[in-house]
1. Kindly establish whether Arg62 is among the charged types (D, E, K, R), outside any helix (DSSP H, G or I), touching an Asp or Glu at 6+ places or on another chain (Cβ under 9 Å) and farther than 19 Å from Ala140 by Cβ.
2. Tell me, which residue of the range 167-188 that is among the polar types (S, T, N, Q) and within 25 Å of Phe52 (Cβ to Cβ) is least open to solvent (accessible area, probe 1.4 Å)?
3. What do you reckon, is Ala137 hydrophobic (A, V, I, L, M, F, W, C), surrounded by fewer than 23 Cβ atoms within 10 Å (Cβ to Cβ) and either out of contact with any His (no Cβ under 8 Å at 6 or more places or on another chain) or touching a residue at least 40 places away in the same chain (Cβ under 8 Å) (or both)?
4. Report whether or not Glu193 is out of contact with any Phe, Trp or Tyr (no Cβ under 6 Å at 6 or more places or on another chain), closer than 26 Å to Asp21 by Cα, in contact (Cβ under 8 Å) with a residue 12 or more places away in the chain and open to solvent by 70 Å² or more (accessible area, probe 1.4 Å).
5. Pairs, please: C-beta under 9 Å, at least 6 apart or cross-chain, first residue farther than 16 Å from Leu40 by Cβ and in the range 91-109, second of a type in the set (Lys, Arg) and surrounded by fewer than 16 Cβ atoms within 10 Å (Cβ to Cβ)?
Amino acid sequence: MADIVYPPVIALAKTMFRVLDMRIRVEGAEHIPNEGAAVLASNHVSYLDFIFCGFGAQPANRLVRFMAKKEVFDNVVAGPLMRGMHHIPVDRAAGEAAYDQAMAALRDGEVIGVFPEATISRSFTVKDIKSGAVRMAAEAGAPLIPMAVWGTQRMWTKGRPRSLGTRHLPVTILIGQPLHPTPEQDATEVTAELRARMTELLDKAQREYPETPAPDQTWWQPAHLGGTAPTPEEAAELDARSRD
């Protein structure tokens, strides 16, 4: 697959990271294979997560094809970029087409990026996750690699104003050891294991994060760590309300 758009976008992102003097920590990149199919499964706390998860695959020189809701592709600015980078639009009312497109990419040896929570977690904990990532990895015989990203919510997340020009911001990207699901395994059980590993990575990222919120910024810290982000139960209620 020819990549004309993706490399310049990566170069632009890296330039912006330098201009903003972002402190990006990537740990575990050795778990991403240098060649062949793989499925990356990350938590979701920000509208910018795909940029940073993709950055986490750079040490392996891999370009990640992310699955994202089709509304992003309808945007006049983001849409052409997403299509140019060969990301995969997901219509939640008809998800089979996106699944088939992702499987075709995996058969071609591509890396597919998935946010199994489907939507941003307002609580900044790992929500219940869907089984699509497990099913794709099992069908393709590809490693399923858990990831966690933390700090990106401070730039742009659900229900908060954008703060894209924040300087010196720490961002943590942790990549865990892969699972190797097979079609014979129970997808529900493997999905539970994937969620547990994602949660473990996120907990580590949050514990080791080099900054704590200022008194007027506790919104970006989860409730269980003393922040004022919604609890998982409150977040679920907010999500349900927004669907009404």
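1. Working: among the charged types (D, E, K, R): yes; outside any helix (DSSP H, G or I): yes; touching an Asp or Glu at 6+ places or on another chain (Cβ under 9 Å): yes; farther than 19 Å from Ala140 by Cβ: no.
So Arg62 does not fit the description; no.
2. First pass over the range 167-188, keeping only residues among the polar types (S, T, N, Q): 172, 177, 182, 185, 188.
Then drop every residue that is not within 25 Å of Phe52 (Cβ to Cβ), which leaves 172, 177.
Values: Thr172: 4, Gln177: 124 Å².
Applying the filter and picking the extreme gives Thr172.
3. So Ala137 fails the test.
4. Taking the combined requirement at face value, the residue does not satisfy it.
5. Close Cβ pairs satisfying both conditions: Asp91/Lys69; Arg92/Lys69.
So that you can scan it fast, the table gives a plain yes or no per residue for (1) part of a helix (DSSP H, G or I); (2) of a type in the set (Ser, Thr, Tyr); (3) touching a Lys or Arg at 6+ places or on another chain (Cβ under 9 Å):
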{"site": "Pro7", "(1), (2), (3)": "yes, no, no"}
{"site": "Leu12", "(1), (2), (3)": "yes, no, no"}
{"site": "Arg18", "(1), (2), (3)": "yes, no, no"}
{"site": "Ile24", "(1), (2), (3)": "no, no, no"}
{"site": "Ser46", "(1), (2), (3)": "no, yes, yes"}
{"site": "Phe52", "(1), (2), (3)": "yes, no, no"}
{"site": "Phe55", "(1), (2), (3)": "yes, no, yes"}
{"site": "Phe66", "(1), (2), (3)": "no, no, no"}
{"site": "Val72", "(1), (2), (3)": "yes, no, no"}
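The values are calculated or read from the model by the stated rules, or taken from the named source; none is laboratory data. Treat the numbers as computed from the prediction; the structure is a model and nothing was measured. Reconstructed Cβ throughout: ideal geometry from the backbone, glycine too, with neighbour counts over all protein chains shown. Surface accessibility is based on the protein's heavy atoms, side chains included, excluding ligands, DNA and RNA. Shrake-Rupley method; radii C 1.70, N 1.55, O 1.52, S 1.80 Å.
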